[in-house]
Amino acid sequence: MDLSLNPFSSGTRLRDMIRAIRASKTAAEERAVVRRECAAIRAAISDNDQDYRHRNMAKLMFIHMLGYPTHFGQMECLKLIAASGFPEKRIGYLGLTLLLDERQEVLMLVTNSLKQDLNHSNQFIVGLALCALGNICSAEMARDLAPEVERLLQTRDPNTKKKAALCSIRIVRKVPDLAENFMGSAASLLKEKHHGVLISVVQLCTELCKASREALEYLRKHSVEGLVRILRDVSNSSYAPEYDIAGITDPFLHIRVLRLMRTLGQGDADCSEHVNDILAQVATKTESNKNAGNAILYECVETIMGIEATSGLRVLAINILGRFLSNRDNNIRYVALNMLMKAMAVDTLAVQRHRVTILECVKDADVSIRKRALELVYLLVNDMNVKPLTKELVDYLEVSDDDFKEDLTAKICSIVEKFSQDKLWYLDQMFKVLTLTGNFVKDDVWHALIVLISNAPELQGYSVRSLYKALQASGTQESLVRVAVWCIGEYGEMLVNNISMLDVEEPITVTESDAVDALELALKRYSVDVTTRAMCLVALLKLSSRFPQTSKRIQAIVVQNKGNTVLELQQRSIEFNSIIQRHQSIKSSLLERMPVLDEASYLLKRAASSQATVSLTKSAPSAASGGSLKVPNGAVKPPPAPLADLLDLSSDDAPVTTSAPSTAPNDFLQDLLGIGLIDTSTAGGAPSASTDILMDLLSIGSYPVQNGLPATSNIGSPGQVTKHAPGTPQVIDLLEGLSPSTPLPDVNAAYPSITAFQSATLKMTFNFKKQPGKPQETTMHASFTNLTSVTLTNFMFQAAVPKFIQLRLDPASSSTLPASGNGSITQSLSVTNNQHGQVFDSMPVGGDMTFFLVFFDYW
C-alpha cells in the first residue's frame, strides 16, 4: 500500500499525526483525525504488524494524553516489554506506566516479564523495570518482586541503587508488612557517597518509620550516627558544582535528612541528644540571605521543635523565626508565623520576646499575613500583657481595612471578655470597639455587654453617659446604637441627673428632651433594621414613664409607626400607644427596670452553645468520611443525603445525619422556630431533646421512648416490636408501606400517648384513638400543662395539615392555663386522611398525621 495515499496508515510517523491533529480547526475535525488513526492502529494490531508496533504505541500514548480511550492497545505494551531489544522495551514500559494502572487485571500478565528484566544483565533494562514497578506496582506484584528489588539495593551501580530505593518506597507503601525486609539494606546504604542514592535511601528510611514500629526502633539504633555524619559532611563540604545551589551544597539532601531526624527523635530523648549538636551547627552556620538557606533553616527549626531538644536549642530556633519575620519575602514571614503558633505549645516565653515584631505583622499589607499574625497575637495574650496588646489592636482597628475589621473585632472582643478582671476596663474597651466597628460586632457580644451592665449597678450611670456621648459622635454603628438605646431606656434618669458619677469622668448636661431626641434620631436613621427600631420603641415607652413631661411627644413618635408595613413594628406601636394613653395607672409598674440578668447562667449557656457548635462542625467531616462508599475504580462516592438535607438546613460541608449528638442546643430548626427544648433524657423515659426536631416533624426519626426502652414498630407487621439500644435513634423506611404485600396496621390496637412538645414553659401531650371501621379517621386528645410560675391567659391552639387531610378542632376546655402544673387545658381534634391507603402513613397510630404541624400562642 502506498503510504502517501493513506496518511493515517499504521506506518504514519508520530510527528505527522501530531501535525494533522494540530491543524484541526474544530473539535469535530480533531475527533475525526483521532478516529481514523485509531482505526488504522486497530487494523495493524489485528494484522500483528511488528514493524510499526513501537510507532503505534507512541501514537496511542499521545492519543491517551489527549483524553481519548486507548484500552485496545494495552496488550501491545506487553508484547513490546517481552521483546528483547532495549528500544522496544523502553517504549513498552513507557506505555505501561501511561495506559495502565494498578487496578487493571492485564497488569498481572506483566509480572513475569518484570521479574526477568530485574535479573537482566543490562543495567539500563533493569532501570526500565524498576521505574515501571515504582509507578504501577500493586500489592500482589510487590509481594512477588520484593526479593529482586531488595537484591538490587546491594548492586554496585549507583543509578540502579537509587532506582531500587525509590521502588522500595512504593513496595513498602503497598505492603507495610514487607518493611522489615528493607531495614538492614536501608541502614547500610546510608554510608554511600553518591547524593542521589543518599536522598533515595533517606526517603526510604522515612517511609519505613511510618510503616512499621519495629523499623522505627531499628533505625533509631543503627542510622542516627550515619545521618549525623551525612549532615556534617554536606554542611562542611567545599564547593561542588554538581550539587551547589545558591552557594549551598545540596539543600535537598539537607532537608531530607532533617525530616528523618525529626521522625526518629520525636518522643525519644536518647536519639534527640545525639542530633542536638549537629542541629545547632546547621542553625548557626547556614546563611539566610538565599532562599535555599532559608528552606534549610525552616526545616531545622521544625526538627528542633519536633524532637526532645534542649531549651537553649529551642530558643535558638525561635530566634531564627523572629529573623524570618523581618524578611521582605511574604512567604517566609507566613511560614514563620505558622511555626511560631506551633512553638507556643513548647516555649511561650521565647515567643513573647518577639511580640513587637508580631504586632507589626498584624499591620502588614498582605491579608494572609495579617490574619495569621492576629491569630498568633491572640495566643500571646495573658493576664500580664492583655492591656498593652489590646490597646495596640484597638488603635489599629481605626485604620485597618474593612475586610480585616471583622476578624480583628472578633479577636479583640474575645480577648477583652476572656482576660478582663476590671469591669470598668472591660466597658471602656467594648465602648471603643462599638464606636469604631460596631457594625462588625456579633449579637452575642453586645448581648453579653448588656448582661454585664445590668449586673454592675455602680457602673450603670457611667455606661449610659459614655454610650450617649459615643452615640452623638458616631451614630452609624449598629451594635453601638442598640446598646446605647437599651441603656438610655433603662437608665435614662441617670443620664439626665448625672447619677453615680465616677472620679474619672466629667459631668455632662443632658435634658430629657435630648434623650428623646437621641432615640428619635436612631429610630429614623435605622428605618430598615427592624430589631433596632423595635428596641427604640421599647426605650421610648420606658422614657415616657421616667420622663412624664415628654410623654405626649413620645406618644406622637410611637403613633407614627401605626401604619408600618412591618407587622412587628405596627403591633408594638399600637400596643405602646395604648399603654401611654389608657393605662396610666399601671404604666409605672409595667415599665420598671428589667430585673438583673443572671450573668453566670448566661455565660454558661453561651459557652455551651459555642461548644456544641464546634462539636457539630468537627463531627461533620468524620461523618462524611466514615459514610463514604468505595467503588471499583478507587473513587469515593458520598452516601445519599437524608431527607432533612432537602430543606438545606445544614451547611454545605456538614451533611445531616439521623443520629444527632447527645445534646443539641443549637438544632437548626429549633433555632429557626425559636423553640428552646430542654434535655429530658433522664425524666422517666421521655424522648431525648437530642432527637432532631425536623426528623420528628417528618416522622422519620425514632419513636418516643416508653418505659425507658425505645421501640420501633414495624409498619408492615403490627405488634412486632424491635428493641434497640437506649438513645439510638432509628430510621423508618418511608417506602416500606407502599408494598402491596405489606398489611396495614391494626386500627383497633391501643396507641401510647406521646409528648409532642416540652420546654421550660409548656408541655403538650397527645392521646390517639381509632374508630372501628373507620381507619381513615384518627381522634386525638391534646393536653397542655403550664410549667411556669405565671398563669397563662388567652391560650390558643392551632394546627395545619396538608390538603388531602381534613382537620376538625373542637373548642378548648379553657383559655386560662394554671401555673406550676396545677391543672391543664384539654382539646380534641379529629383528622381524616382522604387518601388513606394511597399516601404512606408514617405515624405509629395508623398514619393520618403525616406532616402534622402545630402552632400555639399565649400571653
Exercise. When region 514-567 is examined, which residues are found to be in a loop (DSSP other than H, G, I, E, B) and more than 26 Å from S585 (Cα to Cα)?
Worked result: Y526, S527, V528, D529, G563, N564, T565, V566
For this session: Would you check which residues across region 805-859 are touching a Gly at 6+ places or on another chain (Cβ under 9 Å), open to solvent by 20 Å² or more (accessible area, probe 1.4 Å) and either at pLDDT below 50 or of a type in the set (A, V, I, L, M) (or both) and list them?
Result: V839, F840
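Just to be sure, is V149 in contact with a helix residue (DSSP H, G or I) (Cβ under 6 Å, 6 or more places away or on another chain), buried (at least 19 other Cβ atoms within 10 Å of the Cβ) and modelled with pLDDT under 90?
So V149 fails the test.
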For this session: Run W425 past the list (1) touching a Cys at 6+ places or on another chain (Cβ under 9 Å); (2) surrounded by fewer than 18 Cβ atoms within 10 Å (Cβ to Cβ) and report the number of the one that doesn't hold.
Result: (1)
Seminar exercise, completed: Cβ pairs under 9 Å, 6+ apart or interchain, first in region 301-329 and free of Cβ contacts under 8 Å to residues at least 60 places away in the same chain, second among the aromatic types (F, W, Y), ordered by first then second residue, are V301/F324; I320/Y298; L321/Y298; F324/Y298
Seminar exercise, completed: Of (1) touching a residue at least 12 places away in the same chain (Cβ under 8 Å); (2) open to solvent by 20 Å² or more (accessible area, probe 1.4 Å); (3) outside any loop (DSSP other than H, G, I, E, B); (4) charged (D, E, K, R), D49 fails just (3)
Problem set entry | Condition met for I332 (part of a helix (DSSP H, G or I), of a type in the set (V, I, T) and within 18 Å of T284 (Cβ to Cβ)) | no
Exercise. Which one of V202, V301 is in contact with a Lys or Arg (Cβ under 8 Å, 6 or more places away or on another chain), open to solvent by less than 10 Å² (accessible area, probe 1.4 Å) and either under 26 Å from K161 (Cβ atoms) or among the aliphatic types (A, V, I, L, M) (or both)?
Worked result: V202
Exercise. In region 189-222, what residues are among the charged types (D, E, K, R) and outside any helix (DSSP H, G or I)?
Worked result: K191, E192, K193
For this session: Would you check which residues across region 806-831 are touching a Phe, Trp or Tyr at 6+ places or on another chain (Cβ under 8 Å) and part of a strand (DSSP E or B) and list them?
Result: L809, L817, S824, I825, T826, Q827, V831
For this session: For residues that are of a type in the set (D, E) and out of contact with any Asp or Glu (no Cβ under 7 Å at 6 or more places or on another chain), scanning just region 449-491, find the one that is surrounded by the fewest Cβ atoms within 10 Å (Cβ to Cβ).
Result: E458
Problem set entry | Contacts under 7 angstrom Cβ, first residue in region 523-537 being farther than 14 Å from I557 by Cβ, partner among the β-branched types (V, I, T) and not in a helix (DSSP H, G or I), 6 or more apart | V530/V566
Exercise. Taking the condition open to solvent by less than 10 Å² (accessible area, probe 1.4 Å), farther than 13 Å from S168 by Cα, in a helix (DSSP H, G or I) and out of contact with any strand residue (DSSP E or B) (no Cβ under 9 Å at 6 or more places or on another chain), does L231 pass?
Worked result: yes
Exercise. For region 422-502, list the helices (runs of 4 or more DSSP H) that sit wholly inside it and hold at least 1 residues that are more than 24 Å from D517 (Cα to Cα) and in the same structural domain as L521 (by the TED database); which are they?
Worked result: 423-437, 443-454
Seminar exercise, completed: The condition from (1) modelled with pLDDT of 90 or more; (2) surrounded by fewer than 18 Cβ atoms within 10 Å (Cβ to Cβ); (3) among the hydrophobic types (A, V, I, L, M, F, W, C) that F72 misses is numbered (1)
For this session: Kindly provide the set of residues from region 570-585 that are open to solvent by less than 80 Å² (accessible area, probe 1.4 Å) and closer than 18 Å to L543 by Cβ, ordered by number.
Result: R572, S573, E575, F576, N577, S578, I579, I580, H583
Problem set entry | Considering residues of region 421-447 that are under 22 Å from S500 (Cα atoms) and at pLDDT below 90 only, the residue farthest from the chain's Cα centre (by Cα) | D422
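Of the residues that sit in region 492-534 and are among the hydrophobic types (A, V, I, L, M, F, W, C) and open to solvent by 40 Å² or more (accessible area, probe 1.4 Å), which one is farthest from V464 (Cα to Cα)?
Selected residue: V528.
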For this session: Mind telling me which of the residues N181, N135 ends up being touching a Pro at 6+ places or on another chain (Cβ under 9 Å), open to solvent by 10 Å² or more (accessible area, probe 1.4 Å), over 21 Å from Q266 (Cβ atoms) and in a helix (DSSP H, G or I)?
Result: N181
For this session: Confirm whether R90 is free of Cβ contacts under 8 Å to residues at least 24 places away in the same chain and assigned to a helix (DSSP H, G or I).
Result: no
For this session: Go through region 535-549 residue by residue and tally those that are closer than 17 Å to L521 by Cβ and surrounded by fewer than 19 Cβ atoms within 10 Å (Cβ to Cβ).
Result: 1
For this session: Can you tell me which residue within region 81-119, out of those that are of a type in the set (A, V, I, L, M, F, W, C) and over 26 Å from P147 (Cβ atoms), is most open to solvent (accessible area, probe 1.4 Å)?
Result: L98
Problem set entry | helices (runs of 4 or more DSSP H) lying entirely in region 340-404 (those with 3 or more residues that are buried (at least 18 other Cβ atoms within 10 Å of the Cβ)) | 355-362, 367-380, 386-397
Exercise. Mind checking whether some residue in region 532-547 is more than 41 Å from the chain's Cα centre (by Cα), modelled with pLDDT of 90 or more and closer than 20 Å to T435 by Cβ?
Worked result: no
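The values are calculated or read from the model by the stated rules, or taken from the named source; none is laboratory data. If you're wondering where the values come from, they're calculated on a predicted model, not measured in any experiment. Note that we place each Cβ from the backbone using ideal geometry, even for glycine, and neighbour counts take in every protein chain shown. Remember, those area values only see protein heavy atoms, side chains included, never the ligands or the DNA or RNA. Shrake-Rupley method; radii C 1.70, N 1.55, O 1.52, S 1.80 Å.
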